[in-house]
Amino acid sequence: MIFRSPIYLVFALLLIFSTNKGSAQEKTILKEGDFLFQQISCGPLCDAILAVTSGYQGQKFNHMGMVILQQDSLMIVEAIGKDVHLSSISDFLKRSANPVYTGRLKQEYQRLIPAAAHFSLDQLGTPYDDAFLYQNGKYYCSELIYDAFLSANRGEPVFELQPMTYKVPGSNSFFPVWKDYFDNLKQPVPEGLPGCNPGGISLSDKIDMAGRYQP
């Protein structure tokens, strides 16, 4: 039998505690105005989007939402499905098995958050922009965020619009899935028209990305 002194046992317990504490991942503390970026699966359309967009640290984001404070609870305002609506954080997270990443506006832009949140809440019920056309009275996810901060900043853009592409990288041909999609909408493919995407916003120099969300 090996005798261990009380001092030895105390030291061992402290060592175990310190090791566990150091290896544990810190819980993410969200606040109003934070962004959540995720990659969701929706078949060939999502695959086509991911093929032409890139985000923070090479991540392939195709959806985002903004944290909103509602009656002492944090919710996500997002444009997805049929319209702009509020979702619980848990519902947002369980939509995808892929890691969710968080971003926060840099300090000099934090003043815009209350007005951007107000704008976003005013859009609740606005139809989803399935045509991906800017300023058509509808919103897709990143378009809502773009306009929220454009409005909050009195018409001066905070994020950037870029020419949208629906073509296979390295070719002059549209993804067949996009051609069929817009044919069904009875509209031409909006190639080259201005728009934005979650990956592009995650690369903005107005945001500090904080890495993976840890509930």
remark   = Going through segment 188-215 in order, the residues found to be aliphatic (A, V, I, L, M), open to solvent by 60 Å² or more (accessible area, probe 1.4 Å) and more than 15 Å from D129 (Cβ to Cβ) are L203, A210
query = In this structure, is Q162 closer than 20 Å to K60 by Cβ, of a type in the set (S, T, N, Q) and under 19 Å from the mean Cα position of the chain (by Cα)?
reply = yes
task = Could you tell me whether any residue of segment 31-52 is in contact with a helix residue (DSSP H, G or I) (Cβ under 8 Å, 6 or more places away or on another chain), assigned to a helix (DSSP H, G or I) and either at pLDDT 95 or above or open to solvent by less than 30 Å² (accessible area, probe 1.4 Å) (or both)?
result = yes
task = Go through segment 188-209 and count every residue that is assigned to a strand (DSSP E or B) and under 14 Å from the mean Cα position of the chain (by Cα).
result = 3
Test: D129 is at pLDDT below 95 and not hydrophobic (A, V, I, L, M, F, W, C) = no
note = Residues of segment 99-113 being open to solvent by 20 Å² or more (accessible area, probe 1.4 Å), touching a residue at least 60 places away in the same chain (Cβ under 8 Å) and of a type outside the set (K, R), in sequence order, are P99, Y109, Q110
query = Could you give every pair whose Cβ atoms fall below 7 Å, whose first residue belongs to segment 187-215 and is touching a residue at least 12 places away in the same chain (Cβ under 8 Å) and farther than 19 Å from P163 by Cα, and whose second residue is open to solvent by 40 Å² or more (accessible area, probe 1.4 Å) and assigned to a strand (DSSP E or B), counting only separations of at least 6 or pairs across chains?
reply = I207/R104; D208/R104; A210/R104
message = Filter segment 119-138 down to the residues that are touching a residue at least 12 places away in the same chain (Cβ under 8 Å) and either more than 22 Å from G155 (Cβ to Cβ) or out of contact with any helix residue (DSSP H, G or I) (no Cβ under 7 Å at 6 or more places or on another chain) (or both) and list them by number.
response = L121, L124, G125, T126, P127, Y128, D130, A131, F132, L133, K138
query = For the subset of segment 160-187 comprising residues that are over 18 Å from V52 (Cβ atoms) and part of a loop (DSSP other than H, G, I, E, B), which member is least open to solvent (accessible area, probe 1.4 Å)?
reply = Q187
query = Can you tell me which of S96, S90 is modelled with pLDDT under 95 and either among the β-branched types (V, I, T) or surrounded by fewer than 20 Cβ atoms within 10 Å (Cβ to Cβ) (or both)?
reply = S96
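The values are calculated or read from the model by the stated rules, or taken from the named source; none is laboratory data. Here the structure is a predicted model, which is why all the values come from computation and not from measurement. FYI the Cβ positions are ideal-geometry reconstructions off the backbone, even for glycines, and counts take in every protein chain you see. The accessibility values were calculated without ligands, DNA or RNA, using every heavy atom of the protein model including side chains. Shrake-Rupley method; radii C 1.70, N 1.55, O 1.52, S 1.80 Å.
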